[in-house]
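The values are calculated or read from the model by the stated rules, or taken from the named source; none is laboratory data. Remember, predicted model here, so these are calculated numbers, not experimental data. Positions of Cβ are generated from backbone atoms using ideal geometry, with glycine treated the same way; all protein chains shown enter the neighbour counts. Heads up: the accessible areas ignore ligands, DNA and RNA and are worked out on the full protein's heavy atoms, side chains in. Shrake-Rupley method; radii C 1.70, N 1.55, O 1.52, S 1.80 Å.
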Amino acid sequence: MSALKKLAGQTAIYGLSSILARFLNFFLTPLHTTVLTKEDYGINSDVYSLIAFLMVVLTFGMETTFFRFYQNRDKHSNPGTIFSHALFPVITFASFFLIMAVVFLPIIAPLLRYENHPEYVVYLAIIVVLDALTAVPFAKLRAENKAFRFVSLKMMQIILFVLLNYFFYWLCPILVENNVASWLTDAVYHPELGVAYIFISNLIASGLVILLLAPQWAQVKFIFNWKLEKRYLAYAAPLVIAGLAGIANEMVDKQFLKYLLPESIAFDEIGTYSANYKIATFMMMFIQAFRFAVEPFIFSQYKGESPRKTYAQILKFFTIFQVLIFVGLLGFIDIVKVFIDDKYWIGLPVVPVLLFANLLVGINFNLNFWYKLEDKTRYGAYITFFGLFFTVVLNLLLIPKMGIMGAAIATLVSYGAMTLFSFYLNQKHFKTPYETGRILIYLVVSLILGYVVFTQTREMYFVNTAIVLALAGFIALLEKSELKKLLKNG
């Protein structure tokens, strides 16, 4: 029981800290969309989408590889040796990448459309290298059940990053305007740097974490076993391929916008798209919280009575909460939109499309429990590549004609295709008795009501409140018997 209590406590620590970190990142969006131009905000989004791709390559799946070999080591395996051999590829790839980025900067910068700001490429390279180098040490902390130290370092990094952003973009302009502490602002503040202060803040925060991980770095053993290293690389390679496909599904739309739209407007459009995407990811907050809460429960129920029936109920009630959030956000979109600066509101039409895409992400997450339970994780890669096909083809076809709406539609269709494929595989291999008809009713009704509140009753908050309540009442009526059982058992 003590082990289970410890596991539950650590799960809560990791879950709450992850949600808090996401919230703090959200907290920067109103600041960035206000102080940055559309172009600079687009550059910020573009750089971090590239960092996401590069992190998958440079870490080369060594976090998961370390867990695999650390948790299944025999008496002849040395934890220090495992740690070192998981870290060696990351150090090698990161060092090679940084050298190549600097040496070929005159070629890379124009390719990425940063010929006027090659320093952005340098910032990008250093940030991704620093973050990649922390991946395995952080994995080691988790493997050793050092949850508090792990969370403390992660939270310190994100809090420092947020504070530095507010220092450069909020406090420094106030100090300059009021001619206060000029010795400080003259030394560190140069308004013409613009978006670069985001990257500088990240560099400082990531650099400090590298230093604070010194105890982990001290445990590196400089003993190399090529036979052992080959095992690690062979295990990790499929993870990298699947990881690249997954991150491409999430981030590649920004790269398509950059290269398929006229260069004169590309970064402006990326900025508009990314700012409105932030509104759509409000729904992801619920999905993130749900994920941390439900994953341990799902695995614990696998050997219990009627687990498939339980999983089916989870999906249905998850969908209910999702459709209520979907219609609610659209019904009050003119309140929610103040989260971003008004210069981005021209892109609000993409929000319903992206919101529903994120709703499908949550459903897809539920449908895919089966292959994790059955140790058939290769199906995750199949599903991801299936979605990536639609992502690539539709972005190529739609962005030149429809701009950011084309990117949003491509995202929706990709996640829709993944959800259908996931459902097919679930029914073929795990046969979960989902109430498909009932779930489809909720999805269709939410789409109709979402359209009404977004286009017909906009800013009619009393009417939209009544519509959301009516949807809740309609669902409660259909789920009357289920709700009675839940209340009785609760």
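Extension gain, Leu483 to Asn25, is 161.3 nm, computed as 0.36 nm per intervening residue step minus the present C-alpha separation. First select every other residue whose beta carbon is under 14 angstrom from the beta carbon of Ala214; then total the charges, Lys and Arg +1, Asp and Glu -1. So the surrounding residues net to +2. Taking 0.36 nm per residue of separation and subtracting the current Cα-Cα distance, fully stretching the chain between Tyr259 and Asn116 would add 49.8 nm.
Write out the trypsin sites (Lys or Arg not before Pro) in region 410-480 meeting two conditions: DSSP loop, and at most 10 other Cβ atoms within 10 Å of their Cβ.
Working: sites: Lys428, Lys431, Arg438, Arg458, Lys480; in loops: Lys431, Arg458.
Those that pass, being in a loop and sparsely packed, are Lys431.
FRET efficiency for the pair Gln219 and Ile159, taken as 1/(1 + (r/R0)^6) with r the Cβ-Cβ distance and R0 = 30 Å, rounds to 0.70. Highest-first packing order for the peptide set 101-110, 151-160 is 151-160, 101-110, based on the mean count of other beta carbon atoms within 10 Å. Calculated accessible area for the chain comes out at 48 Å² per residue, all protein chains present (probe 1.4 Å; ligands, DNA, RNA ignored). Could you tell me whether region 92-210 comes out rounded, prolate or oblate from its Cα gyration tensor? Rule is a ≥ b ≥ c as square roots of the eigenvalues, rounded for a/c under 1.5, then prolate if a/b exceeds b/c, otherwise oblate. Oblate. From the Kirkwood radius over Cα pairs of the chain, Stokes-Einstein at 4 °C and 1.567 mPa s returns a whole-number translational diffusion coefficient of 52 µm²/s. In plain terms, the chain is cut at each of the GluC sites (Glu not before Pro) found in a DSSP loop with at most 12 other Cβ atoms within 10 Å, and the longest leftover piece is 116-304. Considering helices alone, the calculated mean residue ellipticity of the chain at 222 nm is -27500 deg cm²/dmol, with DSSP H runs of length four and up weighted by -39500 (n - 2.57) and normalised per residue. Across the chain, the mean sequence separation of Cα contacts (distance under 8 Å, 6 or more residues apart), normalised by length, yields a relative contact order of 21 percent.
Relative contact order for region 337-490 using alpha-carbon pairs under 8 Å, separation at least 6, rounded to a whole percent? Worked out over region 337-490, it gives 23 percent.
Suppose every Lys and Arg Cβ carries +1 and every Asp and Glu Cβ carries -1, with no other charges. What dipole size does the chain come out with about its Cα centre, to the nearest 20 debye?
2520 debye
Pairs exceeding a 25 Å alpha-carbon distance, out of Lys376/Lys485; Lys376/Lys484; Lys278/Lys309; Lys140/Lys372: Lys376/Lys485; Lys376/Lys484; Lys278/Lys309. Length gained on full extension, Ala143 to Phe96: 14.1 nm, using 0.36 nm per residue less the C-alpha separation. For region 203-286, chymotrypsin sites (Phe, Trp or Tyr not before Pro) are listed when DSSP marks them as loop and at most 16 other Cβ atoms sit within 10 Å of their Cβ; the list is Phe222, Phe224. Which residue, chosen from Ala94, Leu440, Thr391, occupies the Cα position most advanced towards the positive end of the dipole of the chain, where the dipole is computed from +1 (Lys, Arg) and -1 (Asp, Glu) charges on Cβ about the Cα centre? It is Leu440.
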